[in-house]
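Here the structure is laid out as structure tokens; the discussion comes afterwards.
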Amino acid sequence: MSLPEERLWRFRKPEWLNSIWVRNAGVYTAGGLFSLAFYTLLDSAVWSKSSRNGSTIHVGFVDWLPFIFSALGMLVISNIEKSRLSSESFSYTGYSSSVAWKARVILFLGFASLAGGMAGGVTVFVLKYVVPGVQWPALGMGVENLVSNFLVGLSTVVLWAAVRILSGGITPFDL
Amino acid sequence: MPQAGLKTIISLSFVLAIGFLLVILSCALWKAYYPLLVVATYVLAPVPNWICGHCANPDDFVESSGAAVLDLGRFCTGFLVVMGVALPVLLCHSGLISTPAMIMSIIGGLLIYGTIISFAMFFQEDQDF
């Protein structure tokens, strides 16, 4: 696993990173980041309907759509069995390459959905808030949309890295 | 683990009572009863971990299906814990509760959750793997 000739990076992975404690903390952190993303977006929706919003801009279904795509992508990505991705690691009865191919296609769809959600967040921000020239207190709703989609992506990264720590024995930096 | 005795129970129950006092006060002083949701959140927070811990078979750690269920429970628990802090901030930002009510309910909620966690730590049976 950690043979010296298989090492690619000059710095060795520190030993404390390989403990079950770090893995569990990473999974908790991923859940917390996803919660933060959801409540950031919910905050913009509640603020939009509250009395503090003096503008005519309101949060509708369009603002939720990028988050829905991001969360769908995260669901797909974190449900893939990561050890099926490399076809040479498992040799089942001849089906291994087809399983790896399927896993890669589904993973690609998941990442496309996540990236599409982030891009959709930027699109909503530009078309709904920047182009009409919305001023600051109402502009916060668009900024919260951006932050929310970014946090979903961050949560996906943290969850991926944490789950990889003990399951494969490979560093989280190479898939 | 320190010896858990009568003093631990008494101090934990005091902390729990102070937590509930802060949350209920943050509701009743301003006549806005939204922060009571924080109590429900923190009471529900250890439940996914508990359910998934009973669903998973700790023996089949190799095929990682048990670990996946445990991870789902941890993910949901992390979601609920951050929700307990995020909910008062959301309500305060929208003007539904005032800033002192937000601070009181966050501190009270954290005290309640800390009591639940430390109670589970002190008095758990030897069933964890």
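The values are calculated or read from the model by the stated rules, or taken from the named source; none is laboratory data. What you see is a predicted model; the values in this text were computed from it and never measured. Neighbour counts run over all protein chains shown; Cβ positions are idealised from the backbone, glycine included. All accessible areas refer to the heavy atoms of the entire protein, side chains included, with ligands and DNA or RNA removed. Shrake-Rupley method; radii C 1.70, N 1.55, O 1.52, S 1.80 Å.
Between a residue in segment A:117-129 that is in contact (Cβ under 8 Å) with a residue 40 or more places away in the chain and any residue that is polar (S, T, N, Q), which pairs come within a Cβ distance under 7 Å, given they are 6 or more apart or on different chains?
So the pair list comes out as A:Gly117/A:Ser70; A:Gly117/A:Asn149; A:Met118/A:Ser70; A:Met118/A:Asn149; A:Gly121/A:Asn145; A:Gly121/A:Asn149; A:Val124/A:Asn145.
Those residues that are open to solvent by 40 Å² or more (accessible area, probe 1.4 Å), facing chain B (nearest Cβ under 7 Å) and among the hydrophobic types (A, V, I, L, M, F, W, C), I need them from segment A:30-70; list them, please.
A:Leu36, A:Leu42, A:Val46
Taking only pairs six or more apart or across chains, which ones have beta-carbon atoms under 6 Å, a first residue in segment A:48-61 that is under 15 Å from A:Phe125 (Cβ atoms) and in contact (Cβ under 8 Å) with a residue 60 or more places away in the chain, and a second residue that is in a loop (DSSP other than H, G, I, E, B) and open to solvent by less than 40 Å² (accessible area, probe 1.4 Å)?
Once the first residue is under 15 Å from A:Phe125 (Cβ atoms) and in contact (Cβ under 8 Å) with a residue 60 or more places away in the chain and sits in segment A:48-61, its partners that are in a loop (DSSP other than H, G, I, E, B) and open to solvent by less than 40 Å² (accessible area, probe 1.4 Å) give A:Ser48/A:Val59; A:Ile57/A:Val134.
In this structure, is B:Ser98 at the interface with chain A (Cβ under 9 Å from one of its Cβ atoms), surrounded by 15 or more Cβ atoms within 10 Å (Cβ to Cβ), at pLDDT below 90 and over 16 Å from the mean Cα position of the chain (by Cα)?
Numbers: at the interface with chain A (Cβ under 9 Å from one of its Cβ atoms): no; surrounded by 15 or more Cβ atoms within 10 Å (Cβ to Cβ): yes; at pLDDT below 90: yes; over 16 Å from the mean Cα position of the chain (by Cα): yes.
Considered against the rule, which asks whether it is at the interface with chain A (Cβ under 9 Å from one of its Cβ atoms), surrounded by 15 or more Cβ atoms within 10 Å (Cβ to Cβ), at pLDDT below 90 and over 16 Å from the mean Cα position of the chain (by Cα), B:Ser98 comes out as no.
Specify the residue that is nearest to B:Pro48 (Cα to Cα); the eligible residues are those in segment B:75-86 that are more than 7 Å from chain A (Cβ to nearest Cβ) and open to solvent by less than 40 Å² (accessible area, probe 1.4 Å). Quick ask: steps written out before the conclusion?
Step one: list which residues in segment B:75-86 are more than 7 Å from chain A (Cβ to nearest Cβ), which gives B:80, B:84-85.
This time we only want the ones that are open to solvent by less than 40 Å² (accessible area, probe 1.4 Å), so: B:80, B:84.
Values: B:Leu80: 9, B:Gly84: 15 Å.
Looking at residues that are more than 7 Å from chain A (Cβ to nearest Cβ) and open to solvent by less than 40 Å² (accessible area, probe 1.4 Å), I get B:Leu80.
Identify the residue in segment A:130-141 that is free of Cβ contacts under 8 Å to residues at least 24 places away in the same chain and part of a helix (DSSP H, G or I) and, among all such residues, is farthest from A:Arg52 (Cα to Cα).
A:Val130
Just checking, does segment B:23-45 include any residue being at pLDDT below 85 and open to solvent by less than 40 Å² (accessible area, probe 1.4 Å)?
Checked against the condition, which is being at pLDDT below 85 and open to solvent by less than 40 Å² (accessible area, probe 1.4 Å), segment B:23-45 yields at least one hit.
Do you know which of the residues in segment B:46-74 that are more than 11 Å from chain A (Cβ to nearest Cβ), open to solvent by less than 30 Å² (accessible area, probe 1.4 Å) and farther than 30 Å from B:Gly108 by Cα is modelled with the highest pLDDT?
At the first step, the residues of segment B:46-74 found to be more than 11 Å from chain A (Cβ to nearest Cβ) are B:46-47, B:50-60, B:66, B:69.
With open to solvent by less than 30 Å² (accessible area, probe 1.4 Å) added as a condition, the list becomes B:52, B:56, B:66.
Among the residues that remain, those that are also farther than 30 Å from B:Gly108 by Cα are: B:56, B:66.
Values: B:Ala56: 70, B:Gly66: 59.
Among residues in segment B:46-74 that are more than 11 Å from chain A (Cβ to nearest Cβ), open to solvent by less than 30 Å² (accessible area, probe 1.4 Å) and farther than 30 Å from B:Gly108 by Cα, the one modelled with the highest pLDDT is B:Ala56.
Here's a check for you: in segment B:105-116, which residue that is hydrophobic (A, V, I, L, M, F, W, C) and open to solvent by less than 40 Å² (accessible area, probe 1.4 Å) is farthest from the other protein chains (Cβ to nearest Cβ)?
Within segment B:105-116, the first condition is being hydrophobic (A, V, I, L, M, F, W, C), and the residues that meet it are B:106-107, B:110-112, B:116.
Retained after the next criterion (residues that are open to solvent by less than 40 Å² (accessible area, probe 1.4 Å)): B:106, B:112.
Numbers: B:Ile106: 13, B:Ile112: 18 Å.
It comes out as B:Ile112.
Restricted to segment B:107-124, and to residues that are over 19 Å from B:Pro35 (Cα atoms) and of a type in the set (Phe, Trp, Tyr), which residue is modelled with the highest pLDDT? Please lay out each step first, then the result.
As a first pass, look at segment B:107-124 and keep what is over 19 Å from B:Pro35 (Cα atoms): B:117-124.
From the residues that got through so far, the ones that are of a type in the set (Phe, Trp, Tyr) too are B:119, B:122-123.
Numbers: B:Phe119: 85, B:Phe122: 80, B:Phe123: 75.
Filtering segment B:107-124 for residues that are over 19 Å from B:Pro35 (Cα atoms) and of a type in the set (Phe, Trp, Tyr), the one modelled with the highest pLDDT comes out as B:Phe119.
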